[in-house]
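Written out below as structure tokens is the structure these notes cover.
The values are calculated or read from the model by the stated rules, or taken from the named source; none is laboratory data. What you see is a predicted model, and the numbers here were worked out from it, not measured in a lab. Cβ atoms come from the backbone with ideal geometry, glycine included; neighbour counts cover every protein chain shown. Surface accessibility is based on the protein's heavy atoms, side chains included, excluding ligands, DNA and RNA. Shrake-Rupley method; radii C 1.70, N 1.55, O 1.52, S 1.80 Å.
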Amino acid sequence: MHPVMKLVAQRLALGILLLFAASVLIFAGTQILPGDVAQSILGQSATEKTLANLREQLGLNEPAVTRYFKWLFSALQGDLGTALTNGADIAESLGRRLKNTLFLAACAAVVSVPLAIALGLIAVRFRDRWPDKLISALTLTTISIPEFLLGYVLAYFIAVKLGWAPSVAMINDSMSLFEKLQAVALPVAVLTMVVLAHMMRMTRAAILNVMQSAYIETAELKGLSGLEVIRRHALPNAIAPIVNVVMLNLAYLVVGVVVVEVVFVYPGLGQYLVDHVSKRDVPVVQACGLIFAAVYIGLNMVADIVSILANPRLRHPK
Amino acid sequence: MMRIPPAAAIGLFFTGLYFFIAVFAPWIAPYGMTEVVGDVWEPASRAHWLGTDSIGRDLLTRMIYGGRTTIFIATAATAISFVTGAILGFTAAVIGGWADQILSRLVDLIMSIPTLIFALVVLSVMPVNTLTLLLVMGFLDATRVYRLSRAVAVDINVMDYVEAARLRGEGRGWVIFREILPNALSPLVAEMGMRFIFMVLFVSTLSFLGLGVQPPEADWGGIVKENKDGIIYGIPAALVPAVAIATLAISVNLVADWILTRTTSLKGGRG
């Protein structure tokens with residue numbers, strides 16, 4: 001087998017193993033209490049009878065290992081069980097919300113990725129001069145404010161004071177694409193600002209790293225202009241690290257979505273998760289946790305595979 | 001007298017100010033924490049510098065007590081995270097072999113799940129109180145400290161003076177605390193600033209989601225949650241914590257940067 005394929009296959013296998021281990025961890029995380037899960041869900045005032053019922057419903061009378069494998073196998077078959085709070089089928093409500101969340105994340109990615117790369121390039125071109133300093137001061141500020149506050153700052157100034165966009169992002173299937181885009185404008189802006197800062201800083205670092213190579217100095221010495229050096233020599237060599245940066249930040253985006261959805265009352269997976277954490281609805285929390293972990297692990301895996309594929313040194317076996 | 005660059009001086013000043021307010025909150029705050037002193041969402045006035053909150057409590061007072069809670073939790077969680085992370089990281093580096101493998105793979109695994117998601121999963125079954133919050137935040141964050149301290153300790157572990165200590169028969173405890181710890185301190189201290197900021201953001205986020213500090217206690221995230229409904233009526237009370245969190249985070253960052261450059265330049269290392 002070609003060595004690159006072998007490396008990719010190894011990384012895929014590692015990803016699957018990691019996902020499996022993560023499912024164990026998520027399951028164990030909800031069993032972590034020394035006491036009784038049923039008791040902590042229902043609180044101190046629960047009667048013996050309701051406790052016994054809940055234990056039966058959660059299958060708590062069986063050993064944890066049996067429960068884990070039952071849960072895993074039915075999850076693999078697309079059956080995530082039913083929610084404790086309203087008895088609804090989890091897979092069904094989850095699917096709809098996952099679609100909304102992915103829509104939001106995709107919009108944010110489409111806006112933020114090109115913007116981050118462009119800003120990163122500008123920061124490198126004008127390194128240590130005012131554009132670079134301005135960009136890095138702005139990004140430091142957005143990193144220092146948590147997502148939810150950024151959300152309210154934007155909602156206050158743009159939605160309420162200026163009235164340019166709605167302050168809550170309700171969407172449903174009957175809306176046209178344009179209406180949906182208008183509804184998610186603010187949450188997308190917040191997510192963009194949050195991810196942009198990280199992505200831009202990492203892009204800047206990646207390109208600066210390339211800029212210190214000898215061939216860049218040669219290009220400068222033969223008289224190419226600053227932007228030309230970046231476009232012809234630095235950018236092609238920086239693509240692999242940049243793709244890596246983008247993937248890592250998309251993984252970060254998936255988590256940022258949780259908080260932003262709560263701020264803008266967006267009917268997505270994150271809000272579903274947070275709602276059910278406070279209701280102590282363990283099956284829903286496990287299912288959501290598993291999906292978030294899967295997306296996160298998946299994107300990280302893609303990032304690694306891209307950097308394996310983009311490394312020309314690995315293409316020619318010695 | 002050493003020279004302090006202006007950026008670091010500003011950072012030190014604000015960091016010091018916030019900690020001072022946090023410690024002496026009961027003496028500084030003009031009203032009681034849960035005392036209702038006026039109408040709902042009064043605008044700023046001479047009596048209430050920041051106005052009042054969603055049920056008529058003085059917002060400045062809430063912010064002062066909120067800062068106390070936020071800073072206390074962030075500091076304690078950072079301490080837990082550093083003690084666990086650093087001890088485990090050093091131990092893994094010194095013992096090596098299977099102990100290192102097991103710990104490192106376990107940390108990889110925990111880090112493969114986003115911190116917030118894992119915290120939410122665990123908090124869904126844990127009783128919500130300050131101790132749980134501290135432990136969950138501290139242990140989850142310890143994974144990052146573990147990686148750093150292990151990496152630093154692996155480098156130090158092969159130094160001649162560590163070898164010398166081993167040869168004269170010192171135990172692992174001595175090697176970890178008397179040889180590695182003092183030499184690994186400066187990168188760890190610089191990292192501590194970053195971890196502290198992360199903790200401030202983390203506890204604010206959890207409280208905002210209603211899973212952190214419980215009312216009537218409040219931290220900055222909780223104050224946002226209490227006042228968020230005012231936003232659509234054009235009442236900016238929920239934005240006040242944004243300013244507080246951002247200034248605290250930026251000033252701690254400035255201080256951490258300064259410490260990092262100072263300690264590395266002392267050693268003549270990377271500037």
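Quick notes on this one:
- Computed over region B:6-270, the P(r) tail beyond 23 angstrom holds 59 percent of alpha carbon pairs.
- The heavy atoms of A:Phe292 present about 10 square angstrom of accessible area, all protein chains included, probe 1.4 Å.
- Taking Lys and Arg as +1 and Asp and Glu as -1, the other residues whose beta-carbon sits under 12 Å from that of B:Asn227 total +1.
- Principal axis dimensions, the protein assembly as shown - Cα atoms, whole angstrom, descending: 71, 65, 64
- Unit Cα scatterers, Debye sum, region B:131-271: log10 I(q)/I(0) for q = 0.12 Å⁻¹: -0.67
- Positive-end extreme of charge dipole, chain A - chosen from A:Val306, A:Leu273, A:Ile90 (charges on Cβ): A:Val306
- Accessible area per residue, Å², region A:100-279 with all protein chains present, probe 1.4 Å: 44
- Chains B and A together, accessible area buried on both sides, 1.4 angstrom probe, square angstrom: 3600
- Projected label distance in nm at B:Glu170 and B:Thr130, using a 7 Å step from Cα toward the beta-carbon: 3.8
- Label-to-label distance, nm, for residues given as A:Ser225 and A:Ala294 (7 Å Cα→Cβ offset): 5.1
- 5 angstrom amide H check on B:Thr52, placed H, neighbours 5+ away: B:Trp41, B:Glu42, B:Leu59
- Our note on the geometry: Cα centres of region A:131-203 and region B:56-90, 28 Å apart.
- Here r is the Cβ-Cβ distance between A:Arg313 and A:Ala13 and R0 is 22 Å; the resulting FRET efficiency, rounded to 0.05, is 0.50.
- With the charge dipole of region B:6-270 set up from +1 on Lys and Arg Cβ and -1 on Asp and Glu Cβ about the Cα centre, the Cα lying farthest toward the positive end among the listed residues B:Ile71, B:Pro127, B:Val94 is that of B:Val94.
- Using the Cβ-Cβ distance between B:Met111 and A:Asp79 with R0 set to 30 Å, the FRET efficiency from 1/(1 + (r/R0)^6) comes to roughly 0.55.
- Computed over protein heavy atoms with a 1.4 Å probe, the accessible surface of chain B works out to 46 Å² per residue.
- Semi-axis lengths, Å, region A:100-279, gyration tensor of Cα atoms, sqrt of 5 times eigenvalues: 36, 16, 14
- Within-14-Å neighbourhood charge of A:Asn86 [Cβ basis; K, R +1; D, E -1]: -2
- Solvent-accessible area assigned to carbon and sulfur over chain B amounts to 68 percent, based on a 1.4 Å probe.
- The Cα atoms of chain A cover 84, 62, 38 Å along the three principal axes, with the biggest extent listed first.
- Cβ-derived FRET efficiency at R0 30 Å, B:Ala151 paired with A:Ile239, nearest 0.05: 0.60
- Here the dipole of the protein assembly as shown is about 1720 debye; that uses its Cα centre as origin and unit charges on the Cβ of Lys and Arg (positive) and Asp and Glu (negative).
- Relative contact order computed over chain A (Cα-Cα under 8 Å; 6+ residues apart), in percent: 27
- Reachable lysines from A:Lys180, criterion Cα separation under 18 angstrom, eight or more residues apart if same chain: A:Lys99
- Listed cross-link partners A:Lys279/B:Lys228; A:Lys161/A:Lys279; A:Lys133/A:Lys161; A:Lys49/A:Lys279 are compared with a 28 Å cut-off, the Cα-Cα value being larger for A:Lys161/A:Lys279; A:Lys133/A:Lys161.
- Per-residue [θ]222 nm for chain B (sum of -39500 (n - 2.57) over DSSP H runs n ≥ 4, rounded to 500): -23000 deg cm²/dmol
- In this label model, B:Ile55 and A:Ala214 are separated by 7.1 nm, measuring between points 7 Å along each Cα→Cβ vector.
- Positive-end residue, the protein assembly as shown charge dipole about Cα centroid, Cβ charges, pick of B:Tyr233, A:Ala287, A:Gly223: A:Gly223
- Neighbours of B:Ala244 by Cβ distance under 13 Å: Lys/Arg scored +1, Asp/Glu scored -1, total +1.
- Relative contact order, percent, chain B [alpha-carbon distance under 8 Å, six or more residues apart]: 25
- Partner aspartates and glutamates for A:Lys70 [C-alpha distance under 14 Å; skip if fewer than 8 residues away on the same chain]: A:Glu62, A:Asp79
- Candidates A:Leu150, A:Leu76, A:Leu19, ranked by Gaussian network fluctuation over chain A, Cα under 10 Å, top entry: A:Leu76
- The aspartates and glutamates within cross-link reach of A:Lys6, meaning a Cα-to-Cα straight distance under 16 Å and a gap of 8 or more places when in the same chain, are A:Asp304.
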